[in-house]
Amino acid sequence: MMQAPKPKFDRFKKYFNRHRPAIQEVVRETTSGGIVFRRNRDTNEVEILLAKDLKNRWTIAKGHVEVGEVTRDTAEREIREETGLQEMKIMDWLGKVHFRYRRQNSLVLMTMHVYLVHALGDTDKLRKDIDGWMNDLGWFPVKKALDMIEYDDISKLTLIAMKKIRDARL
């Protein structure tokens, strides 16, 4: 009797039979950051400040809310710490983004508050954050920034930010 051929997908089973440890806890965390903008001195075009994280994804400057801190203050502190910008004005709250991810045996439920932030003073003096979470930092024209941002929710909030900038004639 002839034996049936071995299915070709057997070699892929090793990828599907890996078992991750069960989630042991659910953790809720809150972060806050900002869509930071400026006007280019030469072109008067609006530019957005983006940071490239360790996984090479372009996003906004943000960080965890400390105990007793309000999200607006967190956004300003984190932008200052991560980018080196010292002068800024928090213009408006743009919204919040909810997402989740797995951290070892924990499910992290994250809420990120996002503010519209006008960069003031010497906006060319940027520095990468000292905590080492970013690979790059820079100012980009809005259209280019929208193409670069890896997260759809941040892109949507950037469009809301642009409307507010236009409406306020900033």
* Asked: Going by alpha carbons, how many degrees (0 to 90, nearest 10) lie between the helix axis of 71-83 and the longest principal axis of the chain?
  -> 90 degrees
* Asked: Helix 152-168: angle to the longest alpha-carbon principal axis of the chain, degrees 0 to 90, nearest 10?
  -> 20 degrees
* Asked: Once the dipole of the stretch 23-168 is set up with Lys and Arg at +1 and Asp and Glu at -1 on Cβ about the Cα centre, which of Met110, Ile35, Ser155 lies farthest towards its positive end?
  -> Ser155
* Asked: Rounded to the nearest 0.05, what FRET efficiency do His64 and Ile160 have when you use their Cβ-Cβ distance and R0 = 22 Å?
  -> 0.40
* If R0 is 25 Å, what FRET efficiency do you get for Arg20 and Asp152 from their C-beta distance, rounded to 0.05? -> 0.45
* For the chain, built as a Gaussian network whose Cα springs stay under 10 Å, the top-fluctuating residue of Asp136, Asp152, Asp53 -> Asp152
* To do: Counting helices only, and only those DSSP H runs with n ≥ 4, report the 222 nm mean residue ellipticity of the chain as the sum of -39,500 (n - 2.57) divided by its residues, in deg cm²/dmol to the nearest 500.
  => -7000 deg cm²/dmol
* Asked: Non-local amide H neighbours of Tyr115 (under 5 Å, H modeled in plane, Pro and chain starts lacking H): which ones?
  -> Gly33, Gly34, Ile35, Leu94
* Asked: Once a ≥ b ≥ c are taken as the square roots of the eigenvalues of the Cα gyration tensor of the chain, is the result rounded (a/c under 1.5), prolate (a/b larger than b/c) or oblate (a/b not larger than b/c)?
  -> prolate
* Structure fact -> One finds the C-alpha centres of the stretch 24-68 and the stretch 106-170 to be spaced, in Å, by 5 Å
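Only the coordinates and a few stated rules stand behind these numbers; no lab work does. None of the values given here were measured: they were computed from a predicted structure. Ideal geometry is used to build each Cβ from the backbone, glycine not excepted, and the neighbour counts take in all protein chains shown.
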